[in-house]
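What follows is one structure encoded as structure tokens, with my remarks underneath.
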Amino acid sequence: MSHVQAPEASVRPTKNVHVELTVNGEPREFLCAPRESLLDVLRNRLGLTGAKEGCNNGNCGACAVILNGVPVNSCLVLGVEAAGAEVETVEGLAKGSHLHPLQQCFLEDAALQCGICTPGFLVSAKALLDRNPDPSEEEIRLHLAGNLCRCTGYDKIVRAVQDAAKANT
Amino acid sequence: MNDFDYEAATTVDEAVSLLAAGGQRARVLAGGTDLLVQLRERRRDADLVVDVKRIPQLSEISYEAATGLRLGAAVPCYRVYGDAEVAAAYPGLVDSASLIGGWQIQGRASLGGNLCNASPAADGIPSLIAYDAVANIAGPQGERDVPVAEFCTGPGKTVLERGEFLVSITLPPQPAHSGAAYQRFIPRNEMDIAVVGVGAWVQLSDDAKSIKSARIALAAVAPTPVVATEASKWLSGRPADEATFAEAGELAKKAARPISDLRGTAEYRNHLVGVLTRRVLAAAVSRAQAS
Ligand SMILES: Cc1cc2nc3c(=O)[nH]c(=O)nc-3n(C[C@H](O)[C@H](O)[C@H](O)COP(=O)(O)OP(=O)(O)OC[C@H]3O[C@@H](n4cnc5c(N)ncnc54)[C@H](O)[C@@H]3O)c2cc1C
């Protein structure tokens, strides 16, 4: 198979853009190039490294954040698109040293091994429970279908979400 | 990813002038679930990305039973199935919108973007064609309408000319005893690209026993989504039963010109066209009978 070499990235100077938004309830601002994703910005400009870069093409869900109440993959959002938005990341789940019920149940149910996918699962599961405090197993699996885990085989994750739902009610 | 400039247009005219000035090097950004992946993988390049989500017409859903649906081109999928009235009136659209990616993709991905991306395997386009939807386009010469069935001209290619972009998609009001459905075949339950996709719309007779008119559209069996014209026409006046659905499935195969690739052979795709056509007709008819 022959590979076509992609041309070198152009060095056109683009202006950095100033963006103001709310992250986990706090007003934040940053400067970024238009090509930087919201994931790049969270990790590299705002120091929030909870969201992970897995595939960087929308398939794995490790970078999931909640944008204006809607779960999205932050690798498929530009930082500049988040101007004026409210963003919730995994860092916003715990209140001080008090873990969110989902985090507590992930720990107790051993719903993680290597942990790379965990922030994405927690964020997607939180978005689900915010909307539907008592989801069925099928609803949980459907809403987590965009999050990939290569260690656990998913059952423990689903159980942890079910336990968190119970703990919440 | 190439470095590019970013503009968030707030009016249709502003977007048209930005796109006309940018030409080939300007790209429209809706949900970005296709575009950002393509830019990152250098399958496409851009000097200017024009975000159209802040243009009111692009983000509106307006529906009236008497006049039909106008769907802003950038409305994300989750808002389509989240709108109870729209979901009840256009269940085929709900089938498509809830199949595109997972939940996190549906938070961004739009049916307008699905259409403009013009993938032969797009899950949104067969439903739009089955509903006889029309693409409302704005450009330097003003506005024009193109049936969705004629919008895609090849893989990744559309009728859009320099400076033009999709503003909204209109779907006709739904008559009594009508219904639609979309199904695709994939080897797993979620998150995959259709091996074949079939959308169907039917209107039944007043006694709901026979088919008055029908439209079937196929995905992933030709360079663009296609209408199964012969099967659609043949259905008029036929009894709404399993034998009819199966025969229509056989006729629908004639519209398919599939290729063999890693997702399936041409022969397998032909077989799937028959099976899925039968199933979506049954689903569309049962929805029509319940409506
Ligand atoms: C993980 C993952 C899973 C996916 N699963 C599916 C699936 O199951 N089925 C499926 O069909 N697709 C799938 N997709 C592809 C994609 O999500 C859909 O095609 C989606 O509908 C694209 O919409 P968007 O709003 O994100 O478009 P964008 O990415 O913003 O745009 C897509 C293309 O259309 C152009 N465009 C967008 N809006 C306009 C406009 N108003 N006028 C003119 N041009 C415009 C853009 O320039 C770009 O070329 C998937 C993608 C990912 C990343």
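The values are calculated or read from the model by the stated rules, or taken from the named source; none is laboratory data. Everything quoted here is computed from the prediction, not taken from an experiment. No Cβ is skipped: glycine too gets one built from the backbone with ideal geometry, and neighbour counts run over all protein chains shown. Just the protein is used for accessible areas: all its heavy atoms, side chains included, with ligands, DNA and RNA removed. Shrake-Rupley method; radii C 1.70, N 1.55, O 1.52, S 1.80 Å.
Screening A:P133 with (1) touching a helix residue (DSSP H, G or I) at 6+ places or on another chain (Cβ under 7 Å); (2) free of Cβ contacts under 8 Å to residues at least 24 places away in the same chain; (3) not in a helix (DSSP H, G or I) gives one miss only, at (2). Taking the range B:1-18 as the search range and keeping residues that are more than 28 Å from B:G101 (Cα to Cα) and within 13 Å of the ligand (Cβ to nearest atom), which one is most open to solvent (accessible area, probe 1.4 Å)? Among them, the one singled out is B:L18. How about the range B:33-69: which of its residues are under 21 Å from B:Y81 (Cβ atoms) and open to solvent by less than 30 Å² (accessible area, probe 1.4 Å)? Matches in the range B:33-69: B:L58, B:G68, B:L69. Restricting the range A:41-79 to residues that are over 27 Å from B:R79 (Cβ atoms) and without any contact (Cβ under 8 Å) to a residue 60 or more places away in the chain, the residue that is nearest to the other protein chains (Cβ to nearest Cβ) is A:E53.
Checked against the criterion of being open to solvent by less than 10 Å² (accessible area, probe 1.4 Å), away from the ligand (no atom under 15 Å from the Cβ), among the aliphatic types (A, V, I, L, M) and at pLDDT 95 or above, the range B:72-86 contains one or more residues that satisfy it.
Looking for something buried (at least 23 other Cβ atoms within 10 Å of the Cβ), within 10 Å of the ligand (Cβ to nearest atom) and not assigned by TED's automatic domain parsing to the domain that holds B:V134 - is there at least one such residue anywhere in the range B:174-192? Within the range B:174-192 (the criterion being buried (at least 23 other Cβ atoms within 10 Å of the Cβ), within 10 Å of the ligand (Cβ to nearest atom) and not assigned by TED's automatic domain parsing to the domain that holds B:V134), the answer is yes, since at least one residue qualifies.
Look at (1) within 14 Å of the ligand (Cβ to nearest atom); (2) open to solvent by less than 20 Å² (accessible area, probe 1.4 Å); (3) of a type in the set (A, V, I, L, M, F, W, C) and you find that B:L99 fails only one, number (2).
Within the range A:11-38, residues that are modelled with pLDDT of 95 or more have Cβ atoms under 8 Å from residues that are open to solvent by 30 Å² or more (accessible area, probe 1.4 Å) and of a type in the set (G, A, S) in these pairs: A:V19/A:A83; A:E20/A:A83; A:E20/A:G84; A:L21/A:A83; A:L21/A:G84, counting only partners at least 6 apart in sequence or on another chain.
None of A:A125, A:A110, A:A62 is of a type in the set (A, V, I, L, M, F, W, C), open to solvent by 10 Å² or more (accessible area, probe 1.4 Å) and either outside the structural domain of A:D40 (by TED's automatic domain parsing) or in a loop (DSSP other than H, G, I, E, B) (or both) except A:A110. Give the residues of the range B:71-98 that are in a loop (DSSP other than H, G, I, E, B), more than 11 Å from chain A (Cβ to nearest Cβ) and not β-branched (V, I, T), sorted by residue number. Scanning the range B:71-98 gives B:A73, B:A74, B:D83, B:Y90.
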